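The values are calculated or read from the model by the stated rules, or taken from the named source; none is laboratory data. What you see is a predicted model, and the numbers here were worked out from it, not measured in a lab. Glycine gets a Cβ as well: all are built from the backbone with ideal geometry, and neighbour counts include every protein chain shown. For accessibility, only protein heavy atoms count, side chains too; no ligands or nucleic acids. Shrake-Rupley method; radii C 1.70, N 1.55, O 1.52, S 1.80 Å.
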Amino acid sequence: MNAEESVDLEQLMFVDEPMDGDGPRVHPAWLPPEAFRSLGARRVLVHGEGLLVDTVLDEVSRACARYGGLVWHSPSWDVDVDLVFALRDAAELPNPAVEAARAAGEAGLVELADGETLGDEGFVLARAGDVTVVLADAPAGLLYGLFHVVRLCAAAFDPARPPEWHRPALRRRMLNHWDNVAVHPVMGQVERGYAGGSIFWRDGRSRGDLDRVREYARLLASCGVNAISVNNVNVARTEALLLTERLGDVAEIADVLRRYGIRVHLSVSFAAPVVLGGLSTADPLDENVRVWWAATTRRVYERIPDFGGYLVKADSEGQPGPFTYGRDHADGANLLAEALAPHGGVVHWRAFVYNHHQDWRDRSTDRARAAYDHFAPLDGRFRTNVVVQVKFGPVDFQTREPISPVLAAMPATRLAVELQVTQEYTGQQRHVCHLGPWWSEVLSFAPWGPGGRTIADVVTGEAAAGGGMVAVANVGDDPFWTGHPLAQANLYTFGRLAWDPRRDPTTILDEWITLTFPPSATADAELVRRTLHEIMDDSWRTYERYTAPLGVGFMVNPGDHYGPGVDGYEYTRWGTYHFADRDGVGVDRTRASGTGFTGQYPPYWAQVYESPESCPDELLLFFHHVPYGHVLHSGSTVIQHIYDTHFAGVEEVTAMRRRWQRLNGMIDPSVYERVAERLEEQVRCATEWRDQINTYFFRKSGVPDERGRDIY
Ligand code: GCW
């Protein structure tokens, strides 16, 4: 076998690579060609058949074309190889080295898997002689194995590397795009999008050119995401049509994503039978409505056989839902689940249901209570192909909130936790705010008390039947995908945590740094790594320090949610109040004297949160209204804590800006410039937050800063 006989590399390469072509340059995020150097310099055999095996072959071929390696596709060559990707049931090859490697993989599996199988997406990596092998039961496993080899770089070929096996903890690892097809008059093309337009839609139509979507799919597969919903959960008229008339647009996207093991899901309107079907009702118990959903769903599957299912925001912020017909959310979700069940589809039904027409004068209504009050009583009533999708906190993706008690209240329901990768409340991709540590805290929270089951356990479920992890996406058609180049790490981290929610977020960030800024392409890789860790590791806490204090939340400008607006929501209908007066601040959510929200937790936390003495400092104002002189566990008073953290937060951001300057000339200048420019804005905005918050509380309380710093 010689090079000429190897697969025609040209044919296997993408027709045009957006990264290298004449079109606008798109940043490669964490998959720059350089990240494939180690793999691309090897002799690689891909053994097996299937769509995703072809994808592996494409990827390997591109890397080998660039870095001088060779690639072969089975069936029967006897060649010298360094790396084999093989399906376990693929035929034997007349190659002793390859067969020895496969045997080593099998042995590794027996040794490590402890009777468990690899499943549809798992793989084993092992060494025998000079050969590294990746074995999988299904093509998707080979694809994930490929990206694992990329991450390992040279370490994948270390002769002493012991066998390892990997399998995602969660079955569904999903991103929700809040992308509108038609530009929304207020929210624009992407609701809460901070990275330009949509990569799927523009001005009422599909963008047609799917190159960018293909690159996106690749990025997502490499970090483990396997499902996307492609339109906003707020479904307007044009978006509703994706289910019927415009299904072809969705099918085209599905065709591209499928090549990277990603399924398409669709946000649908609960009123679709009326809006699209011309029926007089969308009542979930009406026979005609059921027939309509069944027929419509059948047509979806005729067009997209691996369609994932529906995502629904119902009876929330103006979206239609079962309440209109006097039905509950189990009736609503089960209606769609029944239509999807024959095809293997799933409904993601959001628990984000609350009254958004509250009267601020009414202290008895508490938005934090709403999801639990609506959903907990329905436990056990949802069909098995319903996943109730619960925002991680009881209010709305704040920088700090307690974990939603719904996640501990529905043992007989498949639950998914919903995170927000798009930084609506965390700096809108103008601020560095690395969310990995926050999500890890969410996932490792033990709602039944320390040492007990965690949120990660809940969403994993028994026998991996839990609802998985979902996040609102943060990409757009921006050249850096995410506006702020460092916000790419949030997307990457989400995928990796969804693959394994127990992983350490700092290790994940380190992985992202190595891929995005490959050491072989950097003059001082250690300086780059150290600087990025210094800037990013603690950036979420820094953000917390200079924004709303002690878990009180909101205090953002109404509407766009950017920048400080301390009283912005205080007298509105949205249910997000802080109740600051001259004596104190915070929301009394206790059973004893407040809204009773603490009672929604299992006993351990119900008790901890009930008393200001035991409530953790960082959540104090979420649960309690306390005087400014209240002494925290940290020893500081509430008012002094507010001053100190706000001054510290701005100092930390200034330090971030200074540190970033070290990288000038050391990394891609366009990345350098974009981040530098955003850090200027972060310093400006953090300063504004500091001064408004400090001044507000100084004026309310009259208590001076004990260190006499500038307050206006
Ligand atoms: O956080 C809020 C956002 C809305 C969003 C809503 C939701 C899609 O401000 O823009 O609507 O949450 O989660 O449905």
- Query: What number of residues within region 625-673 are open to solvent by less than 40 Å² (accessible area, probe 1.4 Å), in a helix (DSSP H, G or I) and either more than 20 Å from PRO612 (Cβ to Cβ) or in contact with an Asp or Glu (Cβ under 7 Å, 6 or more places away or on another chain) (or both)?
  - Reply: 13
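So that you can scan it fast, the table gives a plain yes or no per residue for (1) within 18 Å of ASP179 (Cβ to Cβ); (2) within 16 Å of the ligand (Cβ to nearest atom); (3) in contact with a His (Cβ under 7 Å, 6 or more places away or on another chain):
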| residue | (1), (2), (3) |
| --- | --- |
| LEU243 | yes, no, no |
| ALA254 | yes, no, no |
| ILE262 | yes, no, no |
| PRO273 | no, no, no |
| LEU279 | no, no, no |
| TRP293 | no, no, no |
| THR296 | no, no, no |
| ASP306 | no, no, no |
| GLY318 | no, yes, no |
- Does region 328-337 contain any residue that is under 30 Å from VAL552 (Cα atoms) and open to solvent by less than 30 Å² (accessible area, probe 1.4 Å)? yes
- Note on the structure: For MET174, the lone unmet condition from (1) more than 16 Å from the ligand (Cβ to nearest atom); (2) assigned to a strand (DSSP E or B) is (1)
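Which residues, counting only those in region 353-398, are within 12 Å of the ligand (Cβ to nearest atom) and assigned to a helix (DSSP H, G or I)?
ARG367, ALA371
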- Message: As an exercise: evaluate ASP114 against (1) within 31 Å of the chain's Cα centre (by Cα); (2) touching a residue at least 24 places away in the same chain (Cβ under 8 Å) and give the number of the one condition it does not meet.
- Response: (2)
- Test for GLY467: is it crowded, with 22+ Cβ neighbours inside 10 Å and modelled with pLDDT of 95 or more: yes
- Message: Every residue in region 407-428 that is away from the ligand (no atom under 16 Å from the Cβ) and either crowded, with 19+ Cβ neighbours inside 10 Å or in contact (Cβ under 8 Å) with a residue 40 or more places away in the chain (or both), please.
- Response: LEU407, ALA408, ALA409, MET410, THR413, ARG414, LEU415
- Restricted to region 439-456 and to residues being over 17 Å from TRP540 (Cβ atoms) and of a type in the set (Val, Ile, Thr), the residue nearest to the ligand (Cβ to nearest atom) is ILE455
- Task: Under 6 Å between Cβ atoms, at least 6 apart or on separate chains: pull out the pairs that start in region 156-178 with a residue that is over 20 Å from ARG263 (Cβ atoms) and end on any residue that is of a type in the set (Val, Ile, Thr) and modelled with pLDDT of 95 or more.
- Result: ALA156/THR132; ALA156/VAL149; PHE157/THR132; TRP165/VAL124
- Item | Qualifying positions in region 485-524 - more than 15 Å from HIS27 (Cα to Cα), at pLDDT 95 or above and among the hydrophobic types (A, V, I, L, M, F, W, C) | PHE494, LEU497, ALA498, TRP499, ILE508, LEU509
- Scan region 317-334 residue by residue and report those that are farther than 13 Å from VAL353 by Cα and among the charged types (D, E, K, R). ARG327, ASP331
- Message: Among the numbered criteria (1) in contact (Cβ under 8 Å) with a residue 60 or more places away in the chain; (2) part of a helix (DSSP H, G or I); (3) open to solvent by 10 Å² or more (accessible area, probe 1.4 Å), which one does LEU146 miss?
- Response: (3)
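Just wondering, is there one or more residues in region 216-238 that are aromatic (Phe, Trp, Tyr), away from the ligand (no atom under 16 Å from the Cβ) and at pLDDT 95 or above?
yes
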- Please find, within region 183-199, the residue that is most open to solvent (accessible area, probe 1.4 Å) out of those that are within 16 Å of the ligand (Cβ to nearest atom), assigned to a loop (DSSP other than H, G, I, E, B) and within 18 Å of LEU242 (Cα to Cα). GLU191
- Message: If I filter region 429-438 down to residues being under 14 Å from GLU680 (Cα atoms) and not basic (Lys, Arg), which single residue comes out as farthest from the ligand (Cβ to nearest atom)?
- Response: VAL432
